[in-house]
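**Q** Here it is, the structure, as structure tokens.
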Amino acid sequence: MNELQALSSPDALIQTAQQGAVRVLTLNRPQALNSFTHAMHAELRAALDAAAADPGVRAVLVTGAGRGFCAGQDLNDPAMAPGADGKADIGAVIEANYKPLAMRIQAMPVPVVCAVNGVAAGAGANFAFTCDIVLAARSASFIQAFSRIGLIPDCGGTWTLPRLVGRSRALALTLTGDKLPAEAAERMGLVWQVVEDAELMAQAMALAERLAAMPTKALVATRHALDASQQLALEDALGLEARLQRELGRADDFAEGVAAFQQKRAPKFTDR
Ligand code: T3D
């Protein structure tokens, strides 16, 4: 049984820890429901880059400290302060922080599991939905809070939401800004599974460990093919499948998977 080993100082805004091949990233501003500041974004980018570059990491697990997962942008952050014209440049905040975050998650070379431990609002909700598999505590909830303050969904919400739940539900969620309980989010397909609060981290870790033992390249190529297929005609999607399958067929993991099947033993995947 692998132990959880801390890699960061206790006051880091992103707590990093390692358990076996799983890198755990915990948003750590519980006093403000882990809402995003400019500094927290910088730490999160660095933590994701470090996980991506470390060959010992085969899955990432993201969660939040305290009673919330993430309340979106910290509305008191100095980055939100008005400029010379008296207005905040929110576009600059998106370009500097939320766009790079969503792009990083989509490009991670390992699967990303999200354990939503409490309320996920605004960009906090959409950050969760960029992850590959989302588990939610039964007490968690999701709020597309943007319309309440005169904004549109960001952190990829305009892209992920209609793909996850269809246009009508995406519009209803985002226009109303109503709070969606975890069980309703599961019924809609926004999250994979709701689990009891006390079991969330154990179940999320078990899932991350299971993914970490699987053929990483194939998992990541699957994400890429599913995302790309949304913009492709069938013929082009079939062509992409052929190209990716050709690459995977030459990789060590495929040979290992087939050998393990034939020898009736558990496979030991190593590609990343
Ligand atoms: O730059 C840009 O703006 C572009 C990016 C935009 C992306 C976005 O995410 S826009 C959406 C921003 N988020 C919100 O509008 C959500 C605001 N928060 C809430 O509506 C509520 O806090 C929740 C519904 C999420 C939770 O409600 P509740 O009653 O469980 O908790 P609370 O009492 O409201 O919050 C607890 C504390 O966290 C409180 O601090 P205090 O009074 O104990 O010192 C509250 O002020 C703080 N907090 C919660 N959300 C934020 C926050 N502080 C700063 N920014 C927040 N977003």
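The values are calculated or read from the model by the stated rules, or taken from the named source; none is laboratory data. Predicted, not measured: the structure shown is a model, and the values here were computed from it. Cβ coordinates were reconstructed from backbone atoms using ideal geometry, including for glycine residues, and neighbour counts include every protein chain displayed. For the accessible areas, the whole protein counts, side chains as well, though only heavy atoms, and no ligand, DNA or RNA atoms are used. Shrake-Rupley method; radii C 1.70, N 1.55, O 1.52, S 1.80 Å.
**Q** From A218, A225, A206, A212, grab the single residue that is out of contact with any His (no Cβ under 8 Å at 6 or more places or on another chain), without any contact (Cβ under 8 Å) to a residue 12 or more places away in the chain, of a type in the set (G, A, S) and closer than 30 Å to V165 by Cβ.
**A** A206
**Q** Being within 14 Å of the chain's Cα centre (by Cα), among the hydrophobic types (A, V, I, L, M, F, W, C) and part of a loop (DSSP other than H, G, I, E, B) is the filter here; which residues of the range 128-142 pass it? Don't jump to the end; show me each part of the working.
**A** Going through the range 128-142, the residues within 14 Å of the chain's Cα centre (by Cα) turn out to be 128-136.
If we keep only those that are among the hydrophobic types (A, V, I, L, M, F, W, C) too, we end up with 128-129, 131, 133-136.
Matches in the range 128-142: C131 only.
**Q** Looking at L180, L161, which one is open to solvent by less than 10 Å² (accessible area, probe 1.4 Å) and modelled with pLDDT of 95 or more?
**A** L161 is the lone residue from the list that is open to solvent by less than 10 Å² (accessible area, probe 1.4 Å) and modelled with pLDDT of 95 or more.
**Q** I'd like the full set of residues that are closer than 19 Å to V110 by Cβ and open to solvent by 20 Å² or more (accessible area, probe 1.4 Å), limited to the range 44-99. So that I can check it myself, show each step before the final result.
**A** The initial filter retains those residues of the range 44-99 that are closer than 19 Å to V110 by Cβ, namely 44-63.
If the condition is that a residue be closer than 19 Å to V110 by Cβ and open to solvent by 20 Å² or more (accessible area, probe 1.4 Å), then R45, A46, D49, A50, A52, A53, D54, P55, G56, R58 are the ones that fit.
**Q** Quick one: in the range 60-108, which of the residues that are of a type in the set (S, T, N, Q) and not in a strand (DSSP E or B) is farthest from the ligand (Cβ to nearest atom)?
**A** Q106
**Q** Starting from the range 143-160, take each residue that is within 18 Å of T37 (Cα to Cα) and in a helix (DSSP H, G or I) and list its partners that are open to solvent by less than 30 Å² (accessible area, probe 1.4 Å) and more than 6 Å from the ligand (Cβ to nearest atom), counting only C-beta distances under 6 angstrom and pairs at least six apart or across chains.
**A** If the second residue must be open to solvent by less than 30 Å² (accessible area, probe 1.4 Å) and more than 6 Å from the ligand (Cβ to nearest atom), the pairs left are A145/G177; F146/P153.
**Q** In the list A259, A228, A251, A255, which residue meets the criterion of being farther than 30 Å from L4 by Cβ and touching an Asp or Glu at 6+ places or on another chain (Cβ under 7 Å)?
**A** Result: A251 is the single residue among A259, A228, A251, A255 that is farther than 30 Å from L4 by Cβ and touching an Asp or Glu at 6+ places or on another chain (Cβ under 7 Å).
**Q** Can A115 be described as under 20 Å from N28 (Cβ atoms), away from the ligand (no atom under 16 Å from the Cβ) and within 12 Å of the chain's Cα centre (by Cα)?
**A** For A115, the condition - under 20 Å from N28 (Cβ atoms), away from the ligand (no atom under 16 Å from the Cβ) and within 12 Å of the chain's Cα centre (by Cα) - is met.
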